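The block underneath contains the structure these notes are about, expressed in structure tokens.
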Amino acid sequence: MFNGLADWWDGVELWLAQAPFPVQFVLVMAVVVPLCLVAAWLLDALFGKVARLFGAARDANDPDRSS
């Protein structure tokens, strides 16, 4: 199964490498930009939850903090 997937990916890679630059640019932008946006959104959500977790623990245990 993985050999078939690897052969398919090699074909796609070869096709993309041989395509004219404008085609490469459009395809990369159509694939990479959405993937980067999704990755950034997921990382922001993950780190936001971690920051809230540590921030809430620090605020709850800090007797000197006035609120």
| note | Output for Cβ contacts, cut-off 7 Å, separation at least six or different chains, first residue over 20 Å from Val32 (Cβ atoms) and without any contact (Cβ under 8 Å) to a residue 12 or more places away in the chain in segment 1-20, second surrounded by 10 or more Cβ atoms within 10 Å (Cβ to Cβ) and acidic (Asp, Glu), reads none
| Right, Val26: more than 15 Å from the chain's Cα centre (by Cα) and modelled with pLDDT of 90 or more or not? | yes
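The values are calculated or read from the model by the stated rules, or taken from the named source; none is laboratory data. These numbers were taken from a predicted model, which means no experiment stands behind them. Glycine gets a Cβ as well: all are built from the backbone with ideal geometry, and neighbour counts include every protein chain shown.
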